[in-house]
1. Mind checking which residues of region 374-432 are more than 30 Å from GLU447 (Cα to Cα) and of a type in the set (Asp, Glu)?
2. If a residue must be out of contact with any helix residue (DSSP H, G or I) (no Cβ under 6 Å at 6 or more places or on another chain), among the small types (Gly, Ala, Ser) and either surrounded by 15 or more Cβ atoms within 10 Å (Cβ to Cβ) or closer than 21 Å to ILE303 by Cβ (or both), how many such residues does region 252-284 contain?
3. For region 56-119, please list each of the strands (runs of 3 or more DSSP E) lying entirely inside it that holds at least 2 residues being of a type outside the set (Val, Ile, Thr) and crowded, with 21+ Cβ neighbours inside 10 Å.
4. Search region 219-251 for residues being surrounded by fewer than 19 Cβ atoms within 10 Å (Cβ to Cβ) and among the polar types (S, T, N, Q), and hand back the single one that is farthest from THR133 (Cα to Cα).
5. Under 9 Å between Cβ atoms, at least 6 apart or on separate chains: pull out the pairs that start in region 136-149 with a residue that is free of Cβ contacts under 8 Å to residues at least 24 places away in the same chain and assigned by TED's automatic domain parsing to the domain that holds GLU205 and end on any residue that is among the charged types (D, E, K, R) and not in a strand (DSSP E or B).
6. Taking LEU294, is it hydrophobic (A, V, I, L, M, F, W, C) and touching a Gly at 6+ places or on another chain (Cβ under 7 Å)?
7. For region 425-457, how many residues meet the condition of being over 23 Å from GLU380 (Cα atoms), of a type in the set (D, E, K, R) and either modelled with pLDDT under 95 or in contact with an Asp or Glu (Cβ under 6 Å, 6 or more places away or on another chain) (or both)?
8. Quick check on this structure: which one of GLY224, GLY237 is at pLDDT below 95 and not hydroxyl-bearing (Ser, Thr, Tyr)?
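The values are calculated or read from the model by the stated rules, or taken from the named source; none is laboratory data. The structure presented is a predicted model; accordingly, all values stated were derived computationally and were not measured. Here the Cβ is made from the backbone with ideal geometry for all residues, glycine too, and neighbour counts use every protein chain on show.
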Amino acid sequence: MENTKPPLYKKNSLVDIYFSKLHALRPSDGLLFKGTLIVCFGFLLLFITQLSTSHTVKIATHGGTFTEGIVGTPRFINPVLAVSRADKDLSTLIYDGLMSLGENGDLVPNVAESVTVSDDGLTYNVVLKDNVTFHDGVKLTAKDILFTVASIQEPLLASPLRANFDGVSVEEVGEFEINFVLNEPYAPFLQNLTFGILPQHVWKEAGIEEFPFSKNNSEPIGSGAYKVEKIIRNASGIPEIYILKAFSEYHLGISKIEFIELHFFPTTDKLADAFRKGLIEGVVGIDQARLANLSLDNSKFHIERIPLPRTFAVFINQNKSPALRDTSARRALDISIDRTALINATLGGYGNPIQSPLPKGFSQTDTDNKEDADYTASIEAARDILSDGGWKLNSETQILEKKIDGTVTPLSFSISTANSSIFDTTADFLKNSWEKLGASVSVKQFEQSDLTQSVIRPRDYEALLFGTQLGRMLDFYSFWHSSQRNDPGLNISLYANITTDSILSEMRRSNAAEDRDKAMSRFVSEIDKEKPAIFLYSPELLYIFPNRILNASFKGVSEPHERFDGIRNWYIETESVWPFFTKNI
């Protein structure tokens, strides 16, 4: 018979011991003990929660939708043909370029793995990344670059980018390598390499005549961060909403925001109404008057003020105005302008005052565009300059006058400009400011086409209130080199200076940022000596932007559509994780 003798002792667990002790307590003591235990457990949970909160970090995750409104109707979602804001915005999201705007506002390689410039500045060797695919899965190669540039250079297509590649030849070195060969050195050429790349296999069957009418213009396939997910059209078949989805195979990694919805409106009023109704949350380029009427909820939205490489100035034609030929007159007119008040009156305060050709934020030079610079009027100093320059007030006409080339000449001149609200307000402000000094000023306004054909091209003006667009790398050559004094050149001050010509040529040749900045500083100094123009302000691009979108940067944006260049890094959704989990993210 099997021995079933019980063990000499029984080993109790800690739990058994705990509950036996608990049952042995008096009821009142047991209740107190249980309460104390619950409180301790609660404090432990609170401690763990606080420890987790203080030591975890929030990271961006994939998800969410951003909705923006745009005035216009998409027609050519094609970087070769895009002209309108609607077309350019969509093209930027759907197509990729060899170069793109980096987080710090500099141009950085995108589809390009590397870009190397030859010592003579004539050859740009581009090595492509070998992991870039179009949205349909086909790999992007050098042949796609050649096809896109050939399309841009085709005269019958009249691409707005054609001038950027005038005289440029493209050579295929290998499957993922090409050369751009220039006729002469041109350092700003690098910014031309931001053009979107067309897939040759999609477009090769479309002839030149069919190219503008291809369905690929409205149902595009690119290699960009987003691809077309859905198009919502109205009853007439016109696109009203494009829904874009983050491209999962994007060579730089999938974008954080999953969907981008672009809504299109026929007028700015309808766009503003949609914003007020909450149908859209992003609006770019809205004017100051409408902006004031939107009554933004600061808890949900803010205004991104994006500097642009544009300047507004009064360009002086000394051949037409003996009075403005006088240096003291030009200097006095310059310092008598309260630029801060001018910007408030003209741009609702959204702009940057300038006293040189440099727009704010696009150069390391910015010699006179400093934060602490005084842009208010110096009326008394202006009067002293005029007095020292020999200008005297005619007691009868109340206009200053001076003998120039043997003739008594009044400080009287006209300002020619475009017939638009911004130029109208600016011209009236200048007229009032300068007449306080004792000048006689008249304003002549023209429709844009008439201003170009009848005034600017023949250089038929005494002073021209005009805006210049310089590009991200600030190419001043067309506006200030003496070879550009006659049409179609844009040297509208008819400025001629041997030293300046040499500096501008040097800036075009040099690809070194430090050398360009030094040359730019010398250029600004030369312009300041002679005052061939009176610089007023550089405008800002106003972007109503939702607070819930994080990590958006707009440094270096030179065109409105470039605001989307860094969209891959924007995010909405976040999650909390322990720091060691972020090492591989």
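1. ASP374, GLU380, ASP384, ASP388, GLU396, GLU401, ASP405
2. Of the residues in region 252-284, 3 are out of contact with any helix residue (DSSP H, G or I) (no Cβ under 6 Å at 6 or more places or on another chain), among the small types (Gly, Ala, Ser) and either surrounded by 15 or more Cβ atoms within 10 Å (Cβ to Cβ) or closer than 21 Å to ILE303 by Cβ (or both).
3. 65-71, 99-101
4. SER236
5. LYS139/ASP130
6. Considered against the rule, which asks whether it is hydrophobic (A, V, I, L, M, F, W, C) and touching a Gly at 6+ places or on another chain (Cβ under 7 Å), LEU294 comes out as no.
7. Residues meeting the conditions: 1.
8. Sole residue among the options that is at pLDDT below 95 and not hydroxyl-bearing (Ser, Thr, Tyr): GLY237.
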